Each structure stands twice: as C-alpha cells, then as structure tokens.
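The values are calculated or read from the model by the stated rules, or taken from the named source; none is laboratory data. Just so it is clear, the structure is predicted and the values come from calculations on it, not from any experiment. Every residue, glycine as well, gets a Cβ built from its backbone with ideal geometry; the counts of neighbours run over all protein chains shown. Just the protein is used for accessible areas: all its heavy atoms, side chains included, with ligands, DNA and RNA removed. Shrake-Rupley method; radii C 1.70, N 1.55, O 1.52, S 1.80 Å.
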Amino acid sequence: MMDDPTPYKDLGLVNTREMFKKAMADGYAVPAYNFNNMEQLQAIVIGCVESKSPVILQVSGSARKYADPSLLPHMVKGAVAMAKKMSGSIPIALHLDHGDSFELAKDCIDSGFSSVMLDGSHHSFDENVRLTKTVVDYARERDVTVEGELGVLAGVEDEVSSAVSHYTKPEEVEEFVGKTGVDSLAISIGTSHGAYKFKLKPGEEVPSLRFDILEEIEKRLPGYPIVLHGASSVTPEHVALINRYGGKLESAVGIPAEQLRRAARSAVCKINIDSDGRLAMTAMIRQVFTEKPAEFDPRKYLGPARDELVKMVKHKNINVLGSAHQA
Ligand SMILES: [Zn+2]
C-alpha cells in the first residue's frame, strides 16, 4: 500500500504558508497556542472561531506523549470538525513545538502534523543547518512547513531549558535560511520560556525586547516570516488569583502586551503562547477548589477553566495579535 503523502490534509488541516503570507501582508501575527488536553483544545478552537482567527495548534514532543501520539490526530480531526460546525471553518494548522530530532519530526509529519519545528539552536551553526535541512527535505515532499531557530531563549519549557539567553545574530540569518530552506525562523530578542521571564528588582520595569535586532533581521530577510517563542504576558490577574487561592507564584513576569502588539505588526507572523493558557486554567481551578470544596465532578472545575481560556484566547486575538477577523 502506498503511504498517504499528506496525512494532515485528511485531518482537514493546512500548513502555515498561506497563513504567514496573509499575516505578513496585513500586519498581524497568527497565534500558536499550546495544548495538552481536551478542554484546552476546545477552548482554543472556540476562542479562535468566535474571534474568526486562523490558529496554530501547538504541541511539544512531551505534550504529544501525554495526549498519546495515536489519540492526538483524532482529537485534532475532531477539533476541525467542531470548528466547521460552529462557523463554516477557520484555517487550522497542527505544529510540533521544539522538535529535537529528525525521527520525531518525521513521526509527527507521518501522523498528520502540517508544520514542524526543528530546534537545533543549542547545536553549533553547522550542525543546526545540517539537522534542520534533513527535516526540510522530508517535509517539503509532503507539503509540510518547517520552523527553524537561531539564538537561544532563556527559561524552562517542556523540551528545552537554558539558564542564559543568546540573542540571534542577524549576520547568520541569511546563510541559515538559504542553506536549510526553512519556511520560518524563530529568533531570540529577549522573550523567554515559562512564567518567570525577568528577575526584576522592586520598581524596575520589564526590559524592552530587542527590536533593533528584529529590524536588522527584517532588512536581511525582507518579507520573511519570523516567530516569537516565550511570548506570554504572564497575565497579572491570573497570577493574583492563583496566589489568592493558595498558589505560590512569586515574581512571575511576562512580556507586556504593547511590545507584542508592536512585534505582531512587524515581520513576526507567529507568536507562541503557552504559559498564559496554563495560568488561566490554574487560576479558575484553584478558585473552584477553594470556594466549593465539596465539588468533585471534573466538569465543574475544568468547565470554568475552559471558559476562562476561551476568554483569554479571544482577548489575545482581538487586542494583542490582531489576528481576529482574519480567518
Ligand atoms: Zn519555545
């Protein structure tokens, strides 16, 4: 039997090529929301359908394992059907976040991902090029888009952790994109992974993202889609709720929305949001557990958590990324 060359099309998904072309032309960024379970997936889809936004559903290798690699494509196929029934449909991509090997990227492509990231940023430049190119060669034949990365973000995420950040060197980007053929490039300009993005002293403000580096990259790669990882705002209202209801998140800080708005208007075509979704859900679950300690039906705490995540997704699409009404 012949292998299905583009399994993602059977799931009703699209790759990110057209999404980014439109985002570049119209000055907004497509949201990439990470998910691990049914409620998160429902909330992302409902929020994006209700705000008429294209969306990239994003899972890390460990999130894929958590959901189960066999179950995941069926969840996503169901999500596409749900979106269609609600609205007539929005463009939906399924993307591997921080793929660390050719084998993982291949496995994802073969099981229905329409886009994959190969993060070789912790390797030498030459090894990063080599590894990324192997994935691009495989993906291209299957019409799957590939994201590469240059520069290292600080912070902790599912698959990656680094104590220090290394800004992307603009003088490397043309050679990297030219040699690998990647469709988009994640860069490091001061965002970081997780809920503790900056260690601030009292009264100190969050430092600005390095827009000068971004502008230099835009000059070298005109019209080329750039990706921002670690771009949660670490919503203070949710951090406050979590702490009020027994949580312990001290000095959690993120990227101010205004800076993300500025990035979204530039060549940044994809903005990754993971921590903010986790915080929204955790805040609601803690509130229910504190206020209704007799509750033990998962729908009674995951339901409100889902509702809060829908609100967050719509807020981001409408007020921060500008992707609302672009589907
Ligand atoms: Zn990341």
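If you check Val76, Val129, Val59, Val135 for being aliphatic (A, V, I, L, M), in a strand (DSSP E or B) and modelled with pLDDT of 95 or more, only one passes: Val59.
Would you check if there is a residue in the range 175-186 being more than 23 Å from Lys9 (Cα to Cα), in contact (Cβ under 8 Å) with a residue 60 or more places away in the chain and not acidic (Asp, Glu)? Spell out the reasoning first.
Pass one, the range 175-186, residues more than 23 Å from Lys9 (Cα to Cα): 175-180, 185-186.
The next check asks that each one be in contact (Cβ under 8 Å) with a residue 60 or more places away in the chain; those that pass are 186.
Applying the additional criterion that residues be not acidic (Asp, Glu) yields 186.
Yes - at least one qualifying residue is present in the range 175-186.
Count of the range 49-73 residues, restricted to those that are surrounded by fewer than 16 Cβ atoms within 10 Å (Cβ to Cβ) and under 14 Å from Phe35 (Cβ atoms), is 5. Pairing residues of the range 92-108 that are more than 13 Å from Arg142 (Cβ to Cβ) with residues that are more than 11 Å from the ligand (Cβ to nearest atom) and open to solvent by 30 Å² or more (accessible area, probe 1.4 Å), at Cβ distances under 8 Å and at least 6 apart in sequence or on separate chains, gives Ile92/Gly12; Ile92/Val14; Ala93/Val14; Leu96/Leu104; Phe102/Thr134; Phe102/Tyr138. Take the residues of the range 184-198 that are aliphatic (A, V, I, L, M) and assigned to a loop (DSSP other than H, G, I, E, B): which is nearest to the chain's Cα centre (by Cα)? Filtering the range 184-198 for residues that are aliphatic (A, V, I, L, M) and assigned to a loop (DSSP other than H, G, I, E, B), the one nearest to the chain's Cα centre (by Cα) comes out as Ala195. Has the range 140-161 got at least one residue that is surrounded by 20 or more Cβ atoms within 10 Å (Cβ to Cβ), in a helix (DSSP H, G or I) and away from the ligand (no atom under 16 Å from the Cβ)? Looking for residues that are surrounded by 20 or more Cβ atoms within 10 Å (Cβ to Cβ), in a helix (DSSP H, G or I) and away from the ligand (no atom under 16 Å from the Cβ), one finds none in the range 140-161, hence no.
Is it the case that the range 220-232 has a residue that's at pLDDT below 95 and more than 18 Å from the chain's Cα centre (by Cα)? Lay out the reasoning, then the answer.
Kept after step one, since they are at pLDDT below 95, are these residues of the range 220-232: 230-232.
Right, trim to more than 18 Å from the chain's Cα centre (by Cα) and you get none.
No, the conditions are met nowhere in the range 220-232.
Among the residues of the range 200-207, is there at least one that is of a type outside the set (Phe, Trp, Tyr), open to solvent by 60 Å² or more (accessible area, probe 1.4 Å), away from the ligand (no atom under 16 Å from the Cβ) and at pLDDT 95 or above? No: the range 200-207 contains no residue that is of a type outside the set (Phe, Trp, Tyr), open to solvent by 60 Å² or more (accessible area, probe 1.4 Å), away from the ligand (no atom under 16 Å from the Cβ) and at pLDDT 95 or above.
The criterion of being open to solvent by less than 20 Å² (accessible area, probe 1.4 Å), out of contact with any Gly (no Cβ under 7 Å at 6 or more places or on another chain), modelled with pLDDT of 95 or more and under 19 Å from His95 (Cα atoms) holds for Ser184. Across the range 89-100, the number of residues qualifying as part of a loop (DSSP other than H, G, I, E, B) and either in contact with a Leu (Cβ under 8 Å, 6 or more places away or on another chain) or within 16 Å of the ligand (Cβ to nearest atom) (or both) comes to 1. Among residues of the range 119-148 that are among the basic types (Lys, Arg), those with a beta-carbon under 8 Å from a residue that is modelled with pLDDT under 95 at least six positions away or on a different chain give the pairs Arg142/Pro5; Arg142/Thr6.
Can you tell which of Val116, Val164 is surrounded by fewer than 24 Cβ atoms within 10 Å (Cβ to Cβ) and within 16 Å of the ligand (Cβ to nearest atom)?
Details: Val116 fails: surrounded by fewer than 24 Cβ atoms within 10 Å (Cβ to Cβ).
Going through Val116, Val164 in turn, just one is surrounded by fewer than 24 Cβ atoms within 10 Å (Cβ to Cβ) and within 16 Å of the ligand (Cβ to nearest atom): Val164.
Scanning the range 167-176 for residues that are away from the ligand (no atom under 16 Å from the Cβ) and buried (at least 21 other Cβ atoms within 10 Å of the Cβ) yields Val173, Phe176.
With respect to Val135, is the statement that it is more than 16 Å from the ligand (Cβ to nearest atom), closer than 20 Å to Pro5 by Cα and crowded, with 22+ Cβ neighbours inside 10 Å true?
Working: more than 16 Å from the ligand (Cβ to nearest atom): yes; closer than 20 Å to Pro5 by Cα: yes; crowded, with 22+ Cβ neighbours inside 10 Å: yes.
Taking the combined requirement at face value, the residue satisfies it.
On the basis of being surrounded by 21 or more Cβ atoms within 10 Å (Cβ to Cβ) and at pLDDT 95 or above, does Ala81 make the cut? Talk me through it step by step, then tell me what you get.
Details: surrounded by 21 or more Cβ atoms within 10 Å (Cβ to Cβ): no; at pLDDT 95 or above: yes.
No; evaluated as a whole, the condition is false for this residue.
Taking the criterion of being away from the ligand (no atom under 16 Å from the Cβ), open to solvent by 10 Å² or more (accessible area, probe 1.4 Å) and part of a loop (DSSP other than H, G, I, E, B), the residues of the range 233-279 that qualify are Thr235, Tyr245, Gly246, Gly247, Lys248, Leu249, Glu250, Ser251, Ala252, Pro256, Ser266. Per the listing Thr290, Thr282, the residue uniquely surrounded by fewer than 17 Cβ atoms within 10 Å (Cβ to Cβ) and either under 21 Å from His98 (Cα atoms) or at pLDDT 95 or above (or both) is Thr290.
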